[in-house]
1. Can we say SER10 is of a type outside the set (Phe, Trp, Tyr) and part of a helix (DSSP H, G or I)?
2. Among the residues of region 72-118 satisfying the criterion of being surrounded by fewer than 23 Cβ atoms within 10 Å (Cβ to Cβ) and among the basic types (Lys, Arg), which is farthest from ALA159 (Cα to Cα)?
3. Take the residues in region 52-70 that are open to solvent by less than 10 Å² (accessible area, probe 1.4 Å) and among the hydroxyl-bearing types (Ser, Thr, Tyr), then tell me which one is nearest to VAL103 (Cα to Cα).
4. For region 143-171, which positions are more than 20 Å from THR69 (Cβ to Cβ), open to solvent by 90 Å² or more (accessible area, probe 1.4 Å) and either of a type in the set (A, V, I, L, M) or touching a helix residue (DSSP H, G or I) at 6+ places or on another chain (Cβ under 8 Å) (or both)?
5. Which one of ALA113, ALA159 is farther than 16 Å from ARG61 by Cβ, under 15 Å from the mean Cα position of the chain (by Cα) and of a type in the set (A, V, I, L, M, F, W, C)?
6. For region 20-52, how many residues are under 18 Å from VAL147 (Cα atoms) and either at pLDDT 95 or above or touching a strand residue (DSSP E or B) at 6+ places or on another chain (Cβ under 6 Å) (or both)?
7. Is it the case, given these coordinates, that ARG102 is at pLDDT 90 or above and among the basic types (Lys, Arg)?
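The values are calculated or read from the model by the stated rules, or taken from the named source; none is laboratory data. Every value quoted in this text rests on a predicted model; they were computed, and no experiment measured them. We place every Cβ from the backbone using ideal geometry, glycine too, and count neighbours over all the protein chains shown. Only protein heavy atoms, including side chains, enter the accessible area calculation; ligands, DNA and RNA are left aside. Shrake-Rupley method; radii C 1.70, N 1.55, O 1.52, S 1.80 Å.
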Amino acid sequence: MRVYVPLTLSGLAEAYKTGELGAGQVVAYAVTPALREWYLSDDIEELEYAALSRAALASLRLLAADAETPRRRVVVAVDVPDGAATTDPDRGLDPSALGEVRVTGPVALAKAAAVHVDASDAEEDVTAAAQALAAADRGDDDAQFVVDGAEDHELLWYATQEIPNLLGSTH
């Protein structure tokens with residue numbers, strides 16, 4: 001099963017150093033039954049893109065909580081054994097938890113299939129989105145528009161072998 005783990009560049013640097021995306025339970029996003037139902041699609045590529053997008057939003061939340069890390073969203077796509085990712089039955093119908101799964105760690109970075117990261121030209125919009133996130137969560141339409149502006153930037157695909165270069169160009 002492919003899961004999408006939200007990180008920041010600082011989190012990716014830590015994972016690269018330790019070789020793990022997390023040792024305990026790792027929050028990730030995947031194509032879950034609730035996500036399938038919400039998006040009303042049977043196209044696996046569309047559904048995986050939806051899960052990636054959910055992880056990108058979670059990465060934005062991590063950025064909002066950490067002012068020190070570079071302002072670029074990071075999502076690591078990892079293949080885990082079927083059954084390793086579970087949904088929280090108490091949050092299954094919560095729209096904010098769509099696609100959310102928990103993977104029992106450790107999750108080895110070596111299992112990563114790819115890394116998805118914002119281009120440097122997204123930093124201004126991502127910074128503004130991270131700052132507007134709390135207001136958007138409270139229902140502020142203008143703030144939601146700013147958050148949506150970050151989503152207009154496609155995350156770029158990187159092979160895992162490119163992680164050292166990616167980290168070197170951002171720190």
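1. Here the answer is yes, as SER10 does meet what is asked.
2. That would be ARG91.
3. Only one residue tops the list, namely SER59.
4. ASP152
5. From the options ALA113, ALA159, the qualifying one is ALA113.
6. Residues flagged as under 18 Å from VAL147 (Cα atoms) and either at pLDDT 95 or above or touching a strand residue (DSSP E or B) at 6+ places or on another chain (Cβ under 6 Å) (or both) within region 20-52 amount to 2.
7. The answer is yes for ARG102.
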